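Trainee: Questions regarding the structure given below will be posed in turn.
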Amino acid sequence: MNRSGLRILGATTAVVLTVAIGALSQVPYESDPGDHALIRLAWRVRGTRVEECRRLTEEELARIPVHMRQEEECVGRILPYRLQVLLDDSAVVDQLVRPAGAREDRPLYVFHERSVTPGAHELIVRFELDRGSGPARAPDTTATRGSDTTPSVLELRTRLDMRSKEVALVTYDNERRQLVVQGYGTP
């Protein structure tokens with residue numbers, strides 16, 4: 001195919017795609033086909049930070065430049081939490097929430113949405129430090145730092161009376177150090 005043929009093919013393709021996009025933009029779209037409400041869990045917490053320290057051997061110290069030598073090497077990380085959500089006595093979420101970052105040293109983020117029918121619902125949200133992910137070393141070699149860490153157990157038990165198209169936001173209140181439900185509203 002020569003150059004003028006390629007140009008005609010390209011121009012024709014562009015016109016066809018433009019017409020198709022214009023036609024598709026006129027198709028009615030209903031993003032909310034049913035009668036429902038929404039429970040949203042969204043928060044960010046610092047978590048519990050631990051440091052695991054060990055003394056370096058003489059050989060390890062010898063490989064480090066003199067001006068950078070420290071007798072102890074410490075690695076810090078944030079411990080994961082287990083998130084469990086029960087809605088009307090049914091488990092809807094049970095997952096381990098790991099900290100962000102390659103070294104797992106960033107905050108923990110939670111974001112879940114659950115569509116529910118309008119009406120009354122019993123909601124239990126439990127966010128608990130995962131004890132199985134603790135440090136491998138004895139407690140005397142591990143330091144937990146900071147008074148602004150998240151409590152080891154957060155639990156919210158509440159009854160929600162949801163109307164159609166309402167959103168109930170479950171989030172962490174940093175000042176009160178607890179899970180709270182913020183006002184209902186439309187999405």
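Trainee: When you go through (1) outside any strand (DSSP E or B); (2) at pLDDT 60 or above one by one for Leu156, which number turns out not to apply?
Mentor: (1)
Trainee: Determine the pairs where a residue that is among the basic types (Lys, Arg), located within the stretch 100-115, has a partner that is in a loop (DSSP other than H, G, I, E, B) and open to solvent by less than 90 Å² (accessible area, probe 1.4 Å) with Cβ atoms under 7 Å apart, the partner being 6 or more residues away or on another chain.
Mentor: Arg106/Pro99; Arg106/Ala100
Trainee: Restricting the stretch 132-146 to residues that are within 25 Å of the chain's Cα centre (by Cα) and either surrounded by 13 or more Cβ atoms within 10 Å (Cβ to Cβ) or under 17 Å from Val45 (Cβ atoms) (or both), which is modelled with the highest pLDDT?
Mentor: Selected residue: Ser133.
Trainee: May I pose another question? Can you find even one residue in the stretch 42-61 that is touching a residue at least 40 places away in the same chain (Cβ under 8 Å) and either out of contact with any strand residue (DSSP E or B) (no Cβ under 9 Å at 6 or more places or on another chain) or open to solvent by 90 Å² or more (accessible area, probe 1.4 Å) (or both)?
Mentor: Kept after step one, since they are touching a residue at least 40 places away in the same chain (Cβ under 8 Å), are these residues of the stretch 42-61: 42-54.
Subsequent filtering for residues that are either out of contact with any strand residue (DSSP E or B) (no Cβ under 9 Å at 6 or more places or on another chain) or open to solvent by 90 Å² or more (accessible area, probe 1.4 Å) (or both) retains 44, 46.
Yes, because at least one residue in the stretch 42-61 is touching a residue at least 40 places away in the same chain (Cβ under 8 Å) and either out of contact with any strand residue (DSSP E or B) (no Cβ under 9 Å at 6 or more places or on another chain) or open to solvent by 90 Å² or more (accessible area, probe 1.4 Å) (or both).
Trainee: Test Val66 against the stated conditions and say whether it is in contact with an Asp or Glu (Cβ under 6 Å, 6 or more places away or on another chain) and open to solvent by 60 Å² or more (accessible area, probe 1.4 Å).
Mentor: Here the answer is no, as Val66 does not meet what is asked.
Trainee: Yes or no: Arg44 within 25 Å of Glu166 (Cβ to Cβ) and not polar (S, T, N, Q)? Explain how you work it out, then say what you get.
Mentor: Numbers: within 25 Å of Glu166 (Cβ to Cβ): yes; not polar (S, T, N, Q): yes.
Spelling it out, Arg44 is indeed within 25 Å of Glu166 (Cβ to Cβ) and not polar (S, T, N, Q).
Trainee: Being more than 22 Å from Arg49 (Cα to Cα), surrounded by 12 or more Cβ atoms within 10 Å (Cβ to Cβ) and under 14 Å from the mean Cα position of the chain (by Cα) is the filter here, so list the residues in the stretch 86-112 that pass it.
Mentor: Val93, His112
The values are calculated or read from the model by the stated rules, or taken from the named source; none is laboratory data. Note that the structure is a prediction, hence the values are computed from the model and not measured. Here the Cβ is made from the backbone with ideal geometry for all residues, glycine too, and neighbour counts use every protein chain on show. Each accessible area value is taken on the protein alone, full model and side chains, heavy atoms only, with ligands, DNA and RNA left out. Shrake-Rupley method; radii C 1.70, N 1.55, O 1.52, S 1.80 Å.
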